[in-house]
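Worksheet: the structure to be examined is printed underneath.
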Amino acid sequence: MELKLIQCEIVDGIATVTINRPDKMNALNAAVLGELACCFDALKSDASARGVIVTGAGEKAFVAGADIAELAQMNPLGAKDLAFYGQQVFARLETMGKPSIAMINGFALGGGCELALACTLRTASKTAKIGLPEVSLGIIPGYGGTQRLARIAGPGVAREWVLTGDMVTADEAWRVGVVNRLFEPAELKEGTTKLMKTILSRAPIALRLAMETIRRGTNMSQQEGEIIETDMFGLAAATADMKEGMAAFLQKRKAEFKNQ
Ligand code: COA
């Protein structure tokens with residue numbers, strides 16, 4: 001599929017996916033969602049992409065939400081289908097098995113905030129504004145935001161953000177744990193890349209198993225989650241990278257992981 005509304009560039013194992021509709025604040029219309037779905041599928045099977053950074057083109061916006069001009073045309077069943085489709089697209093990113101970071105360079109509102117929440121981690125420029133303004137439009141977040149925000153920051157924060165519809169500062173989003181790292185605008189790209197490089201220097205299969213364990217565990221009891229944890233721990237111990245990681249520590253050298 002030819003990508004027209006997003007760009008995807010892979011450098012040194014890091015795929016940067018840029019939503020590119022700056023004149024519309026990178027709003028997610030159906031065409032953008034379709035391109036994202038296609039791109040996430042391609043990245044999943046592309047061994048040259050080991051981690052994914054998602055961001056928005058231009059200075060002002062990460063993504064200012066689902067495209068309101070399109071939403072305005074929805075009937076109830078169409079709205080339900082759209083929410084389901086958006087959820088599926090974001091789930092492809094979340095379950096890709098590769099770490100992703102939302103690099104929030106400006107407004108991350110509505111569907112944009114929800115896209116950021118579907119990433120493994122979030123970094124933000126200190127000038128970014130984040131929020132879920134859907135109730136101001138007579139709808140509710142529909143791309144997984146009500147569920148993921150409650151899991152990431154707790155139901156209290158989710159209720160406050162969803163019910164007020166207010167935008168919060170990047171600093172406030174960091175304080176409540178939605179944003180993992182804050183940077184000056186000029187340092188956002190370098191800081192985010194450095195964070196991704198640190199993650200990618202670790203054993204890739206261990207990263208994948210850890211992400212899956214945390215993701216699945218947040219949907220179950222502590223006891224059930226720990227059963228998954230023991231299984232994943234056992235799986236990790238079956239990898240050549242486990243032997244390499246431990247040998248490297250004992251021999252006081254840097255590990256060379258092979259994703260095996
Ligand atoms: N859907 C469709 N178009 C959008 C959009 C969205 N979510 N967000 C911004 N745009 C468009 C505007 O309509 C405008 O288009 P135009 O130039 O053709 O009129 C363009 O992007 C620039 O936006 P504008 O509102 O002029 O910029 P601003 O700097 O004054 O305000 C925002 C920026 C982000 C605060 C404002 O655009 C906004 O509130 N957007 C909607 C946010 C929202 O409710 N998102 C949730 C959707 S479910």
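The values are calculated or read from the model by the stated rules, or taken from the named source; none is laboratory data. For clarity, every value in this text was computed on a predicted model and none was experimentally measured. No Cβ is skipped: glycine too gets one built from the backbone with ideal geometry, and neighbour counts run over all protein chains shown. The protein model used for the area step is the full one, side chains on, heavy atoms only, and it has no ligands, DNA or RNA in it. Shrake-Rupley method; radii C 1.70, N 1.55, O 1.52, S 1.80 Å.
Some observations on this one:
- Residues of segment 91-141 satisfying the condition of being open to solvent by 20 Å² or more (accessible area, probe 1.4 Å), over 18 Å from G58 (Cα atoms), touching a residue at least 40 places away in the same chain (Cβ under 8 Å) and of a type outside the set (S, T, N, Q): A91, R92, E94, G97, K98, L121, P133, L137, I139
- Test: residue in segment 157-169 that is away from the ligand (no atom under 16 Å from the Cβ), farther than 25 Å from E9 by Cα, open to solvent by 50 Å² or more (accessible area, probe 1.4 Å) and assigned by TED's automatic domain parsing to the domain that holds V54: yes
- Hits in segment 163-221 - residues which are touching a Ser or Thr at 6+ places or on another chain (Cβ under 8 Å), in a helix (DSSP H, G or I) and within 30 Å of I139 (Cα to Cα): A170, R215
- Residues (exposed (fewer than 15 other Cβ atoms within 10 Å of the Cβ), closer than 15 Å to P141 by Cβ and small (G, A, S)) located in segment 65-90: A79
- Total residues in segment 236-248 satisfying the condition of being surrounded by fewer than 15 Cβ atoms within 10 Å (Cβ to Cβ) and either of a type in the set (K, R) or touching a Leu at 6+ places or on another chain (Cβ under 8 Å) (or both): the figure is 1.
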